[in-house]
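**Q** Have a look at this one.
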Amino acid sequence: MGDILQAILIIGALNAVLAGLLVLAERFLVNFGECTININQNENVTVEGGQSLLASLNSEKIFLPSACGGRGTCAYCKCEVLEGGGPVLPTEETLLTSGDIDGGLRLACQLKVKNDIAIRIPDELFNIKEFSAEVSEIRDLTYDIKLLRLKLAEPFEINFTPGQYVQLQSEPYEGVRERVSRAYSIASAAGEKGMIDLMVRLVPDGICTTWVHEHLNEGDTVRFTGPMGDFGLRDGDGEIIMIAGGSGMAPMIPLLEEIKSRDVPRKTTYFFGAGCKKDLFYDDILEKYEKAIKHFTYVPALSKPNDNDQWTGATGLITEPLEAYLKESDTDRMQGYLCGSPGMIKACIKVLNKYGVDNSRIFFDPFA
């Protein structure tokens with residue numbers, strides 16, 4: 001049995017080495033030359049072959065949404081390939097439905113440009129721009145969440161709708177040589193066109209979050225692309241349920257600001273999950289919204305309150321106060337707006353579905 005296991009491990013290791021050698025050979029030895037990308041049967045751009053379609057378009061200042069930074073996990077960079085794409089890759093199959101594949105959709109971050117290719121993308125994507133900005137403020141919201149206030153330098157203004165996000169690009173630091181881009185929801189009101197706020201939570205060993213928390217300083221210049229995404233307030237007349245945790249607070253602030261400025265008459269309840277009291281922030285801001293917005297209630301919940309927290313509010317995982325509330329609520333036309341960890345989102349969707357809120361009325365971004 002031990003010999004069989006050892007043989008399997010050796011074969012697996014050899015396969016990994018061969019796959020790595022193939023990747024290196026394609027990168028450094030294979031020359032695909034110049035390739036033409038035809039966009040919407042209208043515009044042609046010429047790029048050096050061998051890069052992903054996403055990176056090739058980025059080099060021409062054409063930006064597709066890519067909440068995961070091109071890691072092949074969010075599927076936001078889907079685009080229609082009319083010709084020249086070749087077969088669908090195994091790295092795409094898990095994120096493409098059979099309908100996607102039949103319709104010619106591909107993941108731009110996985111598809112390599114090796115020859116001339118024709119694609120179709122929505123016209124509104126041409127409105128996504130690359131921005132440079134000065135870091136005007138870095139402030140601790142909690143022990144592991146920082147607020148970045150970015151003053152735009154070029155262009156000087158950004159037009160976004162509440163709920164949209166940008167992709168912040170990190171710079172090399174210490175032993176990290178690569179630049180990566182990560183998606184962060186805009187945390188400021190849409191009326192502030194000259195600057196944006198971002199909330200960045202520290203992820204252990206995260207390249208971009210470590211750069212923000214340990215190496216970025218006020219006065220530095222940063223680059224980002226955007227705005228992107230369609231996580232915004234939908235029309236309707238049922239109750240609005242907001243659910244967030246940690247830096248998932250970010251898009252909820254501009255959404256609440258929109259509800260306030262438009263005087264939206266719908267009942268709105270916001271459930272915010274945290275571990276203990278030190279994980280809570282913006283309590284004062286949420287109290288102001290409770291006073292300014294009719295029928296708005298803020299419900300923070302602690303899953304593991306400390307003895308010295310002296311907590312008298314809701315306790316347990318955020319799904320617990322959410323389920324208790326839904327049991328007594330009219331959910332026929334209710335809409336859910338979620339932002340937080342994938343696990344939290346999945347659990348909350350399950351509870352919402354249980355009480356009659358189907359997926360067509362639940363909205364979230366997959367990168368959260």
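The numbers here are math on the coordinates, done by the rules we state, and not lab data. Predicted, not measured: the structure shown is a model, and the values here were computed from it. Virtual Cβ from ideal backbone geometry, glycine too; neighbours counted across all protein chains shown.
**Q** What does the extension gain come out to for Ser261 and Thr142, with contour length at 0.36 nm per residue minus their alpha carbon separation?
**A** Numbers: separation 119, 0.36 × 119 = 42.84 nm, distance 2.80 nm.
In short, 40.0 nm is gained.
**Q** Quick one: which residues, 5 or more positions from Ala153 or on another chain, have an amide H under 5 Å from its amide H? H modelled 1.01 Å from N in the peptide plane, none for Pro or chain starts.
**A** Placed amide hydrogens put Ser132, Ala133, Glu134 under 5 Å from Ala153.
**Q** Of Lys294/Lys346; Lys146/Lys291; Lys304/Lys346; Lys146/Lys346; Lys151/Lys277, which ones are farther than 23 Å apart at the Cα?
**A** Lys294/Lys346; Lys146/Lys291; Lys146/Lys346; Lys151/Lys277
**Q** Just check region 32-125 against the gyration tensor rule for me: Cα atoms, a ≥ b ≥ c as the square roots of the eigenvalues, rounded for a/c under 1.5, and otherwise prolate or oblate depending on whether a/b exceeds b/c.
**A** Working: a/c = 1.38, a/b = 1.34, b/c = 1.03.
It comes out rounded by the Cα gyration axes.
**Q** Tell me, which cysteines of the chain are without a disulfide-compatible partner by the Cβ under 4.7 Å rule?
**A** Among the cysteines of the chain, those whose Cβ sits 4.7 Å or more from every other are Cys35, Cys77, Cys79, Cys109, Cys208, Cys276, Cys339, Cys348.
**Q** While we're on this one: Given the Cα-Cα distance of Ser341 and Thr161 and 0.36 nm per residue of separation, how much length would full extension add, in nm? Intermediate results must be reported in sequence, preceding the final value.
**A** Working: separation 180, 0.36 × 180 = 64.80 nm, distance 2.24 nm.
Going from the current span to full extension adds 62.6 nm.
**Q** Grab the beta carbon distance between Glu287 and Ala153, set R0 = 25 Å, and tell me the FRET efficiency rounded to 0.05. Provide the component values of the computation, followed by the final result.
**A** On the way: r = 34 Å, r/R0 = 1.38.
Calculated transfer efficiency: 0.15.
**Q** Let me ask you something else. Show the residues, 5+ positions off or on another chain, whose built amide H is closer than 5 Å to the amide H of Lys78.
**A** Correct list: Ala108.
**Q** Here is a further query. Sum up the charges of everything whose Cβ sits under 13 Å from the Cβ of Met252, counting Lys and Arg as +1 and Asp and Glu as -1, but leave Met252 out. Provide the component values of the computation, followed by the final result.
**A** Details: positive: Lys260; negative: Asp197, Glu257, Glu258, Asp365.
Here the count lands on -3.
**Q** Calculate how many DSSP beta bridges within the chain are antiparallel, expressed in % of all such bridges and rounded to the nearest 5.
**A** On the way: 45 of 71 bridges.
Bridges in the chain that DSSP calls antiparallel: roughly 65 percent.
**Q** Any idea how far apart Asp235 and Asp332 come out in nm if each label point goes 7 Å out from Cα toward Cβ?
**A** It works out to 2.0 nm between the two label points.
**Q** Additional query: Quick check on the exposure proxy: order Arg106, Arg361, Arg262 from fewest to most C-beta atoms within 10 angstrom.
**A** Numbers: Arg106 23, Arg361 19, Arg262 9.
Placing the least packed residue first, the sequence is Arg262, Arg361, Arg106.
**Q** In deg cm²/dmol, rounded to 500, what helix-only [θ] at 222 nm does the chain give when every DSSP H run of at least 4 residues adds -39500 (n - 2.57) and the total is split over its residues? Show your work: numbers first, answer last.
**A** On the way: 9 runs with 93 residues, N = 368.
So the calculated ellipticity at 222 nm is -7500 deg cm²/dmol.
**Q** Another question about this same structure. Between Leu82 and Thr297, what is the FRET efficiency for a Förster distance of 56 Å, r being their Cβ-Cβ separation, to the nearest 0.05?
**A** On the way: r = 50 Å, r/R0 = 0.89.
Using R0 = 56 Å, I get an efficiency of 0.65.
**Q** Also: Spin-label point model (7 Å from Cα, Cβ direction): what's the Glu320 to Ser98 distance in nm?
**A** Computed distance between label sites Glu320 and Ser98 equals 4.3 nm.
**Q** By its C-alpha gyration tensor, with a ≥ b ≥ c as the square roots of the eigenvalues, how is region 313-368 shaped: rounded for a/c under 1.5, else prolate for a/b larger than b/c, else oblate? Kindly include the intermediate steps, with their values, before the conclusion.
**A** Values: a/c = 2.14, a/b = 1.09, b/c = 1.96.
Oblate.
**Q** Take every Cα pair under 8 Å in region 32-125 that's 6+ residues apart, average their separations, divide by the length, and report that relative contact order as a whole percent.
**A** Working: 173 pairs, mean separation 38.3, N = 94.
It rounds to 41 percent for region 32-125.
**Q** If you add up the charges near Thr312, with Lys and Arg at +1 and Asp and Glu at -1, over every other residue whose beta carbon is less than 15 angstrom from its beta carbon, what do you get?
**A** Numbers: positive: Lys277; negative: Asp283, Asp307, Asp309.
Net charge in that neighbourhood comes out at -2.
**Q** Using the Cβ atoms and a cut-off under 12 Å, what net charge is assigned to the surroundings of Tyr289, where Lys and Arg are +1 and Asp and Glu are -1? Don't skip to the answer; put the middle values down first.
**A** Details: positive: Lys260, Lys288, Lys291, Lys294; negative: Glu257, Glu258, Asp283, Asp284, Glu287, Glu290.
After counting each charged neighbour, the total is -2.
**Q** Let me ask something additional. What is the chain's relative contact order, in percent, from Cα pairs under 8 angstrom and six or more apart in sequence?
**A** On the way: 706 pairs, mean separation 46.6, N = 368.
That works out to 13 percent.
**Q** Still on this structure, I have one more. May I ask you to list the aspartates and glutamates whose Cα is less than 16 Å away from that of Lys112, ignoring any residue fewer than eight positions away on the same chain?
**A** Within the straight-line limit of under 16 Å, Lys112 reaches these aspartates and glutamates: Glu26, Glu34, Glu48, Glu60, Glu80, Glu83, Glu92, Glu93.
**Q** Once you place label points 7 Å from the Cα toward the Cβ at Asp116 and Thr46, how far apart are they in nm?
**A** 1.3
**Q** Suppose R0 equals 35 Å. What FRET efficiency, 1/(1 + (r/R0)^6) with r the Cβ-Cβ distance, do Glu214 and Ser59 give to the nearest 0.05?
**A** Working: r = 29 Å, r/R0 = 0.84.
Efficiency, from the Cβ-Cβ distance: 0.75.
**Q** Of all DSSP beta bridges located in region 167-299, what percent are antiparallel, nearest 5? Each step should come with its number before you reach the end.
**A** On the way: 8 of 18 bridges.
Percentage antiparallel, nearest 5: 45.
**Q** How far is helix 283-292 tilted off the main Cα axis of the chain, in degrees rounded to 10, range 0 to 90?
**A** 70
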